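These notes are about the structure you will find just below.
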Amino acid sequence: MDSLQASFDEKIANEQRIEPKDWMPDAFRKTVLRQMSQHAHSEVIGMQPEGNWITRAPTLHRKVILLAKIQDEGGHGLYLYSAAETLGTSREEMVQALHDGKAKYASIFNYPALTWADIGMIGWLVDGAAIVNQVSLQRTSYGPYSRAMIRICKEESFHQRQGYEATMVLARGSAEQKAMAQDALDRWWWPALMMFGPHDTDSAHTGQSMKWKLKRESNDVLRQRFVDQTVPQAEFIGLKIPDPELRWNEDRGSYDFGPIDWDEFMRVIAGDGPCNRQRLAHHVRAQQDGQWVRDAMHAYETKRQAREVA
Amino acid sequence: MKQQSLPLFEIFIRSKRGLDHRHVGSLHAEDHEQALEYARDVYLRRSEGVSIWVVRSSDITASQESDVASFYDPMDDKPYRHATHYKLPKEVDNM
Ligand SMILES: [Fe+2]
Ligand SMILES: [Fe+2]
Ligand SMILES: [Fe+2]
């Protein structure tokens, strides 16, 4: 047992990835599984706020872009569920845990997409924040998770660019369009900063996850990187970040920003965001509505096999 | 003497932790166990890998080269799936 632990520690120390058949401590297995399942659910639940706008996209071009992006997110969910399945859990168990409220997903997806400008904002800010996190996770110590992240990052750049470009069109449009873009930024900015999780001093999991190299950079480091890259992008299209305390700090070479409303964050995580119930109910309904398709496919396959034997 | 043909196995090697298994070739063997040993002898004589997968070739279903057009065609007219489709001014182009 000790030699197993020692060989695990040595792999981590030497920047080796842990692969599915390797021995790993139970706590490591549980942590990486929780993280992958949470990430997978986020990709899938995240399709809902955007899906809300497919039929109402302003042009056919925007509509096919949105469809393609949402299709990618479904694929990302699949990559991550399969990575989680390498640890012996099943898709059904993970989905059940989601429906039972035992498994979480990113709390940002509990906010509604109220106007078309929200679609641009989601791509620019939400995918932008996800990319910062996911680029860092490409070096996570669990092999299948790392490989899923590498695959996902290749597809994400399009998501952020289409969002920024759509926002840019609005910001350079009529006064109403610009106001709509600003309103969307006002509503999405803080939830986007919350995506990186609690401050390092308050984060329950960060220490151990960093030791295991599951997490490579802390919440605050990643959040700062996101702020530093996003503020100039907002300035460039003449939108104002809704933070009176935001200013460039010459000494740090970074932007200082105001306090995050962690009460809101905890409230939304605990289930009391604007759309928590709706998101889960929709997922349950989609699962039930699709049952007849799975049944039909299974019946067909059973018949086909019987015919093959005969 | 009766010519006996052993089943064919496809061999996949993970050259290093963290990387995908990659197809390196195939060989004949009596069963999976033997295929693993042969694969070690054939493909890993110089520690080229840390893990081997063997899969019976007959268990692989492959797309056909001749199907390729209809299989992949729908992708050709979707340039908006690529990041390069979105032209951004150079000041903000590094996203
Ligand atoms: Fe994604
Ligand atoms: Fe994501
Ligand atoms: Fe995305």
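The values are calculated or read from the model by the stated rules, or taken from the named source; none is laboratory data. Every value quoted in this text rests on a predicted model; they were computed, and no experiment measured them. Because the Cβ atoms are built from the backbone with ideal geometry, glycine has one as well, and the counts that use them run over all protein chains shown. Only protein heavy atoms, including side chains, enter the accessible area calculation; ligands, DNA and RNA are left aside. Shrake-Rupley method; radii C 1.70, N 1.55, O 1.52, S 1.80 Å.
A few points about this structure:
- Single condition A:Pro198 does not satisfy, out of (1) open to solvent by 60 Å² or more (accessible area, probe 1.4 Å); (2) within 22 Å of A:Phe109 (Cβ to Cβ); (3) within 18 Å of the chain's Cα centre (by Cα): (1)
- For A:Ser157, the criteria (1) modelled with pLDDT of 95 or more; (2) among the hydroxyl-bearing types (Ser, Thr, Tyr); (3) surrounded by fewer than 17 Cβ atoms within 10 Å (Cβ to Cβ); (4) within 16 Å of ligand 3 (Cβ to nearest atom) hold in every case but one, which is (1).
- The lone criterion from (1) under 30 Å from B:Pro7 (Cα atoms); (2) at pLDDT 90 or above; (3) out of contact with any helix residue (DSSP H, G or I) (no Cβ under 7 Å at 6 or more places or on another chain) left unmet by B:Val54 is number (3).
- Considering residues of region A:114-131 that are within 11 Å of chain B (Cβ to nearest Cβ) and in contact (Cβ under 8 Å) with a residue 40 or more places away in the chain only, the residue surrounded by the fewest Cβ atoms within 10 Å (Cβ to Cβ): A:Gly128
- Subset of region B:41-59 [more than 14 Å from every other protein chain (Cβ to nearest Cβ), open to solvent by 50 Å² or more (accessible area, probe 1.4 Å) and in a loop (DSSP other than H, G, I, E, B)]: B:Arg45, B:Arg46, B:Ser47, B:Glu48
- Residue tally, condition open to solvent by less than 90 Å² (accessible area, probe 1.4 Å) and over 16 Å from A:His61 (Cβ atoms), over region B:84-95: 5
- A single member of A:Ala171, A:Ala192 is within 16 Å of ligand 2 (Cβ to nearest atom), open to solvent by less than 50 Å² (accessible area, probe 1.4 Å) and of a type in the set (A, V, I, L, M), and it is A:Ala192.
- Some residue of region A:138-152 being surrounded by fewer than 19 Cβ atoms within 10 Å (Cβ to Cβ), away from every other protein chain (no Cβ under 14 Å), away from ligand 1 (no atom under 13 Å from the Cβ) and in contact (Cβ under 8 Å) with a residue 40 or more places away in the chain: no
- The residue that is surrounded by the fewest Cβ atoms within 10 Å (Cβ to Cβ), among those in region A:84-108 that are touching a Ser or Thr at 6+ places or on another chain (Cβ under 6 Å) and assigned to a loop (DSSP other than H, G, I, E, B), is A:Ala103.
- Lone unmet requirement of (1) more than 30 Å from A:Thr59 (Cα to Cα); (2) within 12 Å of ligand 3 (Cβ to nearest atom) for A:Ser146: (2)
- Looking only at region A:224-238, and only at residues there that are touching a residue at least 60 places away in the same chain (Cβ under 8 Å) and in a helix (DSSP H, G or I), the one that is farthest from the chain's Cα centre (by Cα): A:Gln233
- Single condition B:Ala62 does not satisfy, out of (1) outside any loop (DSSP other than H, G, I, E, B); (2) exposed (fewer than 10 other Cβ atoms within 10 Å of the Cβ); (3) among the hydrophobic types (A, V, I, L, M, F, W, C): (1)
- Candidates B:Tyr38, B:Tyr72: the one that is open to solvent by 70 Å² or more (accessible area, probe 1.4 Å), closer than 29 Å to A:Ile18 by Cβ and of a type in the set (Phe, Trp, Tyr) is B:Tyr38.
- In region A:75-93, the residues that are within 11 Å of ligand 1 (Cβ to nearest atom) form Cβ pairs under 6 Å with partners that are open to solvent by 60 Å² or more (accessible area, probe 1.4 Å), at six or more places apart or across chains, as follows: A:Tyr79/A:Arg151.
- Residues of region B:65-88 that are assigned to a loop (DSSP other than H, G, I, E, B) and facing chain A (nearest Cβ under 7 Å): B:Lys78, B:His82, B:Tyr86, B:Leu88.
- Matching residues in region A:37-61 - criterion: being touching a helix residue (DSSP H, G or I) at 6+ places or on another chain (Cβ under 7 Å) and closer than 24 Å to A:Gly173 by Cβ: A:Pro49, A:Glu50, A:Trp53, A:Ile54, A:Ala57, A:Pro58
- Members of region A:109-137 that are within 15 Å of ligand 3 (Cβ to nearest atom) and in a loop (DSSP other than H, G, I, E, B): A:Ala113
- Scope region A:57-74; condition open to solvent by 20 Å² or more (accessible area, probe 1.4 Å), more than 10 Å from chain B (Cβ to nearest Cβ) and within 12 Å of ligand 3 (Cβ to nearest atom); matching residues: A:Gly74
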